[in-house]
Amino acid sequence: MEERLPLYHLYEMQHAALGPFRAAADAGKLFFQNPLNPISHTLWGKSIAAGCEVFERVTRRYGKPEWGIDTTIVDGESVAVHERVVWQRPFCNLIHFVRATKRTRHDPKLLLVAPMSGHYATLLRGTVEALLPEHDVYVTDWVDARMVPLADGPFDLDDYIDYIRAMLHKLGGDVHVIGVCQPSVPVLAAVALMEAEGDRNVPHSMILMGGPIDTRSNPTAVNKLAEQKGTAWFRDNVITKVPFPSPGVMRDVYPGFLQLGGFMAMNLDRHMNAHRDIFMHLVRGNGDSAHKLQDFYDEYLAVMDLTAEFYLQTVDTVFVRHALPKGEMQHRGTPVDPSAIRNVALLTIEGENDDISGVGQTEAAHRLCVNIPAANKEHYLQRDVGHYGVFNGSRFRKEIVPRIRDFVRAHDKAATAPEKKNGARGNGVTQLAAHRTARRSA
């Protein structure tokens, strides 16, 4: 494939050109924040320091954030949490968050399939924190494509589905799988293929949250853009090669910086106002308010590259051809038939104000999975939340997590007795909220 513009190279050149200005801004911030400098106590000095800090932050390249989940609350007690990689492939590590409890627990296993749509899996940090007190959590930690050498081969939507199936096999079927946003389609496809083959390692249930199962239902601006432009336009305009010296040099990717530009453009006024607020908080000395916004953008501005083949196949299959709801989706020549699913319970969750996956797009899974008994299917619409609020934030913790917990335990073969699990449910969210408050204070 011949690209018209070396997009990645231009980006790298721009980033390098801004290096001296970032260094100057950092030095300026230190100078005007120094308490021994009389100017640092004036409005003028505080404004310059704040401006330097904001400039340095918006021109910085953000690396992969840490999970930073060291403790959680189990049975009212704080316990340590350790990350352990239990399965590995070139493009993904499966992380198990091991809770160091004093006694053996039999909480349901959750396989949390994180989005591979630009941000790192750590975007689900709050999701993991909310689920850990009463679940045994595993998370797909996707690898930045620019860090994967060409020798490790390609990675497309079919490979993504194979990865999910391999992880379900690794966990032995005694698990519940959650697809957050983009993974809803490959999760549904993987389960359908496994059911069609009579695979004994199918999960007990699958939970699809804010996913584009059928983007013809209540299409959003993102859905319309993909359908109007077509796959060829994206291939010609957003695919570029990873430059030297990254390990994935010469790999065709949809780069993270282009994805971030698209994310920002959707709500540009909101992001500009947020950075203005950071500036004003810094000038006024409202450190806690400034740090709260900065923490959010440390995560939001950290993006990863996607392989070109995965991105283009996803655009074509999900957003342009609507192959899954039309019954036309295939995996390596084998039809993907959701009606084959009979033994896996289904819960779909949507946000009322979701501007990425519109209301009705995830619920469409119920129309496709016609052979799941009605008693094993459930849909929930969360009021007053957007896309991010479907899997994170206060409403997620207080209103969505209890529903996930109840659904999972209702369909878990190793669930504890009703009287015991009801007792645990009664205080789990309250304990977690107190724990999160304590962590922030620390």
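Observations on the model:
- Net lengthening on full extension, R332/H291 (0.36 nm per residue, minus Cα-Cα): 10.0 nm
- Hydrodynamic estimate: the Kirkwood radius of the range 287-335 over Cα pairs, inserted into Stokes-Einstein at 37 °C and 0.692 mPa s, corresponds to D of 237 µm²/s.
- Amide hydrogen neighbours beyond the local backbone of V143, cut-off 5 Å, H modeled: C92, N93
- Principal-axis analysis of the Cα atoms of the chain puts helix 19-33 at an angle of about 70° to the longest axis.
- Angle in degrees between helix 401-410 and the longest Cα principal axis of the chain, rounded to the nearest 10: 20
- Evaluating 6.51 cos²θ - 1.76 cosθ + 1.60 at θ = phi - 60° for every residue in the range 93-104, the Karplus couplings come out as 10, 8, 9, 9, 8, 8, 8, 7, 7, 6, 10, 5 Hz, glycine and proline recorded as x.
- Euclidean distance of C-alpha centroids, the range 100-121 and the range 251-292, integer Å: 28
- With all pairs of separate Cα atoms included, the range 263-416 yields a Kirkwood hydrodynamic radius of 19.0 Å.
- Fraction of beta bridges assigned by DSSP in the chain that are antiparallel (%, nearest 5): 50
- Given R0 = 35 Å, the distance between the Cβ atoms of E197 and L381 translates into a calculated FRET efficiency of 0.60.
- The rule of thumb for compact globular proteins, 2.2 N^0.38 Å, goes into the C-alpha radius of gyration of the range 77-121 1.41 times.
- Stokes-Einstein translational diffusion, the range 198-286 - Kirkwood Rh over all Cα pairs, 0.692 mPa s, 37 °C, in µm²/s: 186
- Stokes-Einstein diffusion for the range 164-223 at 4 °C, viscosity 1.567 mPa s, with a Kirkwood radius from C-alpha pairs, works out to 106 µm²/s.
- Judged by the gyration tensor of its Cα atoms, with axes a ≥ b ≥ c, the range 1-159 is oblate; a/c meets the 1.5 cut and b/c is at least as large as a/b.
- Mean-position separation - Cα centroids, the range 301-321 and the range 342-363, in angstrom: 20
- Helix 43-58 axis versus longest C-alpha principal axis of the chain: approximately 40°, rounded to the nearest ten.
- Partner lysines for K29 [C-alpha distance under 20 Å; skip if fewer than 8 residues away on the same chain]: K46, K292
- Over all distinct Cα-Cα pairs of the range 80-187, the Kirkwood formula returns a hydrodynamic radius of 14.5 Å.
- The chain, relative contact order [Cα under 8 Å, separation at least 6], %: 19
- Placed amide H near M329: partners under 5 Å, 5+ positions off or other chain: L324, V336
- Note, ³J(HN,Hα) from phi for the range 338-355, Karplus 6.51, -1.76, 1.60, rounded to Hz, x at Gly and Pro: x, 5, 6, 6, 10, 9, 10, 6, 10, 10, 10, 10, 10, x, 4, 10, 5, 9
- The chain pair-distance distribution - Cα-Cα, 20 Å bins, rounded %: 23, 55, 20, 1
Every number in this text was worked out from the coordinates using simple rules, so none of it is lab data. This one's a predicted model, so the numbers in the text were calculated from it and none came from an experiment. Cβ: placed from backbone, ideal geometry, glycine included. Neighbour counts: every protein chain shown.
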